[in-house]
Amino acid sequence: MHHPFLKRFSTEKLNQEQLQTFALQHYQLVKIFVNYMTNLLPKIPDRDAADLFRTVFDDEFGQHTIFRSHPALYRNCLKSLGLPDDAWGRVKPLPEVRQYIEAHLRLTRDADFLIGLGAVGPAHEFAIPTMFDYIIPGLQNNSALTDEDVEYFSMHIIEDKEHAVVFNKLIVRHVKTEEGQSLLRDGAMQSLAYRKRFWDGLELAVFGNNT
Ligand SMILES: [Fe+2]
Ligand SMILES: [Fe+2]
């Protein structure tokens, strides 16, 4: 959550190409996130918990309009970084990005429900506001991006705190045993380990070998 990449991204001078590299690789994670949720949803054991989950879904898809879905907001940011839409489709994901996505599809689809809950709850919704606090200054100090252009990030700092509350409710309800706790922790730790590798990969891609 406080990876060296994030610290460097928020404080060092970055050129347009470095910002674009970050943004395109990170977009790969943004556009797939909702799949983790759809994997997890049918595994939730009780009905009203599914209703709780629904509010997170509504935010992800964009309330009332797809133009405010989270990937759509992210693409506004890509556009303002000078990236045309064919660049989004053409980008070759880093190996760390591919591994991250494959692991999270697995954790949310094939693993125990509590493992998936740990990966998406504590390791995403809870962790994201801290990480995005580093990203926004990095983007805005090194470009002419307006507050509206970085809305994807600023909005998550607020919304994901609310989402974390939803996940905490599910956790309180379903994690009653030590075994449950360790499954949840295992999911969160696995997710954070893949996240660390993701930032490692981005550090190399954005900054090269000079530390
Ligand atoms: Fe989101
Ligand atoms: Fe969220």
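List of remarks:
- Any hit, region 108-115, residues being of a type in the set (Phe, Trp, Tyr) and either under 13 Å from residue 25 (Cα atoms) or at pLDDT 95 or above (or both): no
- Leading residue by the ranking (surrounded by the fewest Cβ atoms within 10 Å (Cβ to Cβ)) among those in region 155-211 that are within 28 Å of residue 8 (Cβ to Cβ) and of a type in the set (Ser, Thr, Tyr): 211
- Residue that is among the hydrophobic types (A, V, I, L, M, F, W, C) and either within 13 Å of ligand 2 (Cβ to nearest atom) or under 16 Å from residue 56 (Cβ atoms) (or both), where the choices are 103, 119: 119
- The number of residues in region 50-63 being among the aliphatic types (A, V, I, L, M) and free of Cβ contacts under 8 Å to residues at least 24 places away in the same chain comes to 1.
- Comparison of 27, 36, 74 shows that the only residue that is within 15 Å of ligand 1 (Cβ to nearest atom), farther than 27 Å from residue 14 by Cα and either surrounded by 17 or more Cβ atoms within 10 Å (Cβ to Cβ) or basic (Lys, Arg) (or both) is 36.
- Members of region 64-97 that are more than 16 Å from residue 153 (Cα to Cα) and either in contact (Cβ under 8 Å) with a residue 60 or more places away in the chain or within 13 Å of ligand 2 (Cβ to nearest atom) (or both): 82, 83, 87, 88, 91, 93, 94, 95, 96, 97
- Index of the failed condition, residue 209 passing every other in (1) in a helix (DSSP H, G or I); (2) more than 15 Å from ligand 2 (Cβ to nearest atom); (3) not aromatic (Phe, Trp, Tyr): (1)
- Qualifying residue in region 77-86 (condition: within 15 Å of ligand 1 (Cβ to nearest atom) and hydroxyl-bearing (Ser, Thr, Tyr)): no
- Qualifying residue in region 127-150 (condition: part of a helix (DSSP H, G or I), within 14 Å of ligand 2 (Cβ to nearest atom), among the acidic types (Asp, Glu) and under 26 Å from residue 24 (Cα atoms)): no
The values are calculated or read from the model by the stated rules, or taken from the named source; none is laboratory data. As the structure is a computational prediction, the values presented were derived from the model and not from experiment. Glycine gets a Cβ as well: all are built from the backbone with ideal geometry, and neighbour counts include every protein chain shown.
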